[in-house]
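Enquirer: My structure is below; once you've seen it, I'll send some questions.
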């Protein structure tokens, strides 16, 4: 027949195993939630960076291209050079945004925002090739490294080269659409922040549960240790 | 039971060893919690760094742009979950600046945030260092006490 002490010891042992199993499952869940929180934090960081980058573009490079590029219809216009240089920067930054959307925000190549950005890049490339008569690829081949040099070069090649109103209008429209798409992407920042906050709260609760479980296991094991010691020492004393 | 544990050398060693082990466990848990908090803090710092980068770019672009530029300064304040790393005094100043509309107010906000995050990080690393030390000491003491008992057991098994 099993003594009451042995039964108690078995119960403690069973409780330790049960608590350890719950602890293990909780650890896995905690790790999953932490990973989700970390990826949510990275998304917020990317979107914050994107938000400020768009803001910067708006204040530094963005123009009403329909008006700005019409300066190129005048021979050797300094304003045209500045507009073309800004348009190249705008094109390159649009390409960067495409990379950010695909690589950091996990957008697909066929997503509307990505295709719209790519269309603008292609459109600008086409305008450079057809309207100005020198594609950016060809410019690279002849050693032109920066936007200003390119702008001077196209005026040098063909001073009467003009950009059609249709092309500049298309660029302007596409550019505006893209800003709207990018702004929409950034607008989801608030939702992301709330999600991150929720995940952080959930991971804190899970962490507290882990702490309680660990202390519980520690308490049970210590109680067995203390119990065993007291019994052994008691027996020794009796002898 | 308690009398036997407290009045015999072996019992005292076990009790003391358990106390030191529990101190180690608690220290470890606090350290892990601090680490979780540090991740959040570094996330807040990254966001602030981006704002600093943006303002630096605007500065480089020249005063002409800055003078004409109306900024939504409230964009430069921190997200809700970063508030806990900022002292009340700094928070009041940030809220005041956040109502403004020029680049200098935005710069003041990011500077204050940067300082606050640095202060929090510095104090957190001091606490972590102390906790690590306590953890190491209590762990070692617990092991030493356990070793004493093991030595006694060994003597009993082999006969002294």
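The values are calculated or read from the model by the stated rules, or taken from the named source; none is laboratory data. All of these numbers come straight from a predicted model, not from anything done at the bench. All Cβ positions, glycine included, derive from the backbone under ideal geometry; neighbour counts span all protein chains shown.
Enquirer: Test of understanding: among A:116, A:110, which residue is closer than 24 Å to residue A:46 by Cα and either within 16 Å of the chain's Cα centre (by Cα) or surrounded by 15 or more Cβ atoms within 10 Å (Cβ to Cβ) (or both)?
Expert: A:116
Residue-wise test of (1) modelled with pLDDT under 90; (2) touching a helix residue (DSSP H, G or I) at 6+ places or on another chain (Cβ under 8 Å); (3) buried (at least 16 other Cβ atoms within 10 Å of the Cβ).
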| position | (1), (2), (3) |
| --- | --- |
| B:20 | no, yes, yes |
| B:23 | no, yes, yes |
| B:44 | no, yes, yes |
| B:61 | yes, yes, no |
| B:73 | yes, yes, yes |
| B:76 | yes, yes, yes |
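Enquirer: What is the residue count in the stretch A:91-108 for residues that are assigned to a loop (DSSP other than H, G, I, E, B), modelled with pLDDT under 90 and touching a helix residue (DSSP H, G or I) at 6+ places or on another chain (Cβ under 8 Å)?
Expert: Number of matching residues: 1.
Enquirer: Could you please find all residues in the stretch A:164-187 being within 14 Å of another protein chain (Cβ to nearest Cβ) and surrounded by fewer than 15 Cβ atoms within 10 Å (Cβ to Cβ)?
Expert: Of everything in the stretch A:164-187, those that are within 14 Å of another protein chain (Cβ to nearest Cβ) and surrounded by fewer than 15 Cβ atoms within 10 Å (Cβ to Cβ) turn out to be A:183, A:187.
Enquirer: If we keep just the residues of the stretch B:80-94 that are within 14 Å of another protein chain (Cβ to nearest Cβ) and in contact with a helix residue (DSSP H, G or I) (Cβ under 7 Å, 6 or more places away or on another chain), which is surrounded by the fewest Cβ atoms within 10 Å (Cβ to Cβ)?
Expert: B:80
Enquirer: Also, quick follow-up: Run down A:97, A:29 and say which single residue is surrounded by fewer than 16 Cβ atoms within 10 Å (Cβ to Cβ) and touching a residue at least 60 places away in the same chain (Cβ under 8 Å). Quick ask: steps written out before the conclusion?
Expert: On the way: A:97 fails: surrounded by fewer than 16 Cβ atoms within 10 Å (Cβ to Cβ).
Only one candidate passes the filter, namely A:29.
Enquirer: Mind checking which residues of the stretch B:111-134 are farther than 26 Å from residue B:28 by Cβ and in contact (Cβ under 8 Å) with a residue 40 or more places away in the chain?
Expert: B:113, B:114
Enquirer: I would also like to ask the following. Condition test on residue A:226, is it closer than 28 Å to residue A:18 by Cβ and facing chain B (nearest Cβ under 8 Å)? Step through it out loud before you land on a result.
Expert: Details: closer than 28 Å to residue A:18 by Cβ: yes; facing chain B (nearest Cβ under 8 Å): yes.
Here the answer is yes, as residue A:226 does meet what is asked.
Enquirer: Turning to a different aspect of this structure: Does any residue of the stretch A:190-200 turn out to be more than 10 Å from every other protein chain (Cβ to nearest Cβ), part of a helix (DSSP H, G or I) and in contact (Cβ under 8 Å) with a residue 12 or more places away in the chain?
Expert: yes
Enquirer: Does the stretch B:17-31 hold any residues that are at the interface with another protein chain (Cβ under 7 Å from one of its Cβ atoms) and either within 13 Å of the chain's Cα centre (by Cα) or outside any helix (DSSP H, G or I) (or both), and which are they?
Expert: Hit for the stretch B:17-31 is B:29, nothing else.
Enquirer: Anything in the stretch A:201-212 that is farther than 13 Å from residue A:34 by Cα, more than 9 Å from chain B (Cβ to nearest Cβ) and touching a helix residue (DSSP H, G or I) at 6+ places or on another chain (Cβ under 6 Å)? List them, or say none.
Expert: A:209
Enquirer: So if I check each of B:13, B:48, which one is part of a helix (DSSP H, G or I), more than 9 Å from every other protein chain (Cβ to nearest Cβ), surrounded by 18 or more Cβ atoms within 10 Å (Cβ to Cβ) and at negative phi?
Expert: B:48
Enquirer: So, of the residues in the stretch A:32-77 that are closer than 30 Å to residue B:76 by Cα and away from chain B (no Cβ under 14 Å), which turns out to be surrounded by the most Cβ atoms within 10 Å (Cβ to Cβ)?
Expert: A:65
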